[in-house]
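Just so it is clear, none of the values below were taken in a lab; they were calculated from the coordinates. No experiment lies behind these values; they were computed from the predicted model shown. When we count neighbours, we look across all protein chains shown, and the Cβ atoms used for this are built from the backbone with ideal geometry, even at glycine.
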Amino acid sequence: MDTIQSKEARGRVADAPTGHWVYRALPRGLWPFAQLARWDRPIGWWLLMWPCWWSAALAVAAPAGMLSWQLPFHLTLFMIGAIAMRGAGCTYNDIVDQDIDEKVARTRSRPLPSGQATRRQAWAFLLAQCLVGLVVLLQFNWFAIGVGVASLLTVAIYPFAKRFTDWPQLFLGFAFSWGAWMGWAGHFGSLAMAPALLYVGSILWVIGYDTIYAHQDKEDDALVGVRSTARLFGEKTKPALALLYTGALVLFALAFWSAGVPALAYVGLAAAALHMGYQIRVLDIDDGDQCLKLFQSNSIVGWLIFGGLLVGAFLP
């Protein structure tokens with residue numbers, strides 16, 4: 001009789017984590033859908049969520065903002081929305097990239113190229129996740145709803161970017177940073193310079209951390225013709241990251257200044273800067289396992305910036 005471990009190993013994609021709750025809690029028939037949505041790899045929805053949480057915290061830390069029950073409600077909505085829309089984005093990406101995933105060692109065991117799910121099933125699952133995202137979006141004011149709907153264009157373009165540009169990470173940044181608009185819009189029902197600066201800074205941050213992630217696949221990407229900033233930067237990745245992360249931090253600081261947040265908020269930003277510097281210092285672009293761990297560690301950056309803003313809001 002097969003062991004639980006052997007069943008789990010046979011049903012997972014090649015780079016999926018072992019021992020995850022998905023493979024203990026869900027029936028075997030649902031594993032392909034959990035893998036399409038990357039429920040076994042939550043770092044993606046954390047990284048999608050952070051600009052939303054930063055923006056919401058930035059809004060309440062600003063002099064014009066106000067601490068109220070609305071903040072925890074909005075943070076909860078952003079978390080649910082990030083899980084749903086990151087899952088929808090990954091599912092859509094797998095549908096678009098099935099031909100590429102079949103040629104890459106790390107991805108050919110994913111549900112679509114391996115035949116564990118059909119394209120019709122994937123499209124139905126994509127729609128279901130989008131409906132969850134829509135329900136979440138409808139809880140906000142009408143202005144924020146309009147801002148959220150506008151993000152769909154960036155999501156639609158991203159999977160194709162690797163086919164026509166060396167900067168697909170830029171297009172990922174457009175999509176993954178959209179929450180920088182949403183938190184502010186949800187609180188004030190309008191936009192301002194502060195969320196704009198936060199958005200551009202987040203784009204640079206996303207390019208940086210996804211460049212680290214893309215170094216895992218650079219050999220396979222070169223063979224199948226997939227383009228990325230990892231391939232573009234090559235041995236110059238560290239100085240490129242230094243520029244990207246420095247630019248992100250400067251723009252974040254300008255966003256804080258524009259919003260008028262208390263000085264304590266900058267403590268979290270300074271701690272995030274130290275962590276970004278650590279990533280650059282220890283990075284080995286030829287060590288795929290380390291690249292993955294450093295990529296995942298960017299959630300620490302998220303916590304530090306968010307924590308600083310909360311401290312600034314509660315202890316001005």
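Some observations on this one:
- For the chain, modelled as a GNM whose springs connect Cα atoms under 10 angstrom apart, the maximal fluctuation among R38, R24, R106 occurs at R24.
- Angle in degrees between helix 237-259 and the longest Cα principal axis of the chain, rounded to the nearest 10: 40 degrees
- Three principal axis lengths of segment 237-306 [C-alpha, angstrom, descending]: 42, 21, 13
- Taking label positions 7 Å along the Cα-Cβ direction at both S297 and R28, the computed distance is 3.9 nm, reported to one decimal.
- Per-residue Karplus couplings for segment 81-95, computed as 6.51 cos²θ - 1.76 cosθ + 1.60 with θ equal to phi - 60°, are listed in order as x, 5, 5, 5, 7, 5, x, 5, x, 5, 4, 4, 4, 5, 5 Hz, Gly and Pro entered as x.
- Sites R120 and W21, calculated FRET efficiency, Cβ-Cβ separation with R0 35 Å, nearest 0.05: 0.80
- Estimated distance in nm for a label pair at S190 and Y278, the labels positioned 7 Å out from Cα along Cα-to-Cβ: 4.1 nm
- Among the chymotrypsin sites (Phe, Trp or Tyr not before Pro) in segment 52-100, those located in a DSSP loop and surrounded by at most 14 other Cβ atoms within 10 Å of their own Cβ are W69.
- Among C90, C52, C130, the ranking by other beta carbons within 10 Å of each residue's beta carbon, starting with the fewest, stands as C130, C90, C52.
- Here the Karplus relation 6.51 cos²θ - 1.76 cosθ + 1.60, evaluated at θ = phi - 60°, turns the backbone of segment 43-48 into coupling constants of 4, x, 6, 4, 5, 6 Hz, with x for every Gly and Pro.
- Projected over every direction and averaged, the convex hull enclosing the alpha-carbon atoms of the chain yields 15.9 nm².
- Relative contact order (%) - segment 21-314, alpha-carbon pairs under 8 angstrom, separation at least six: 23 percent
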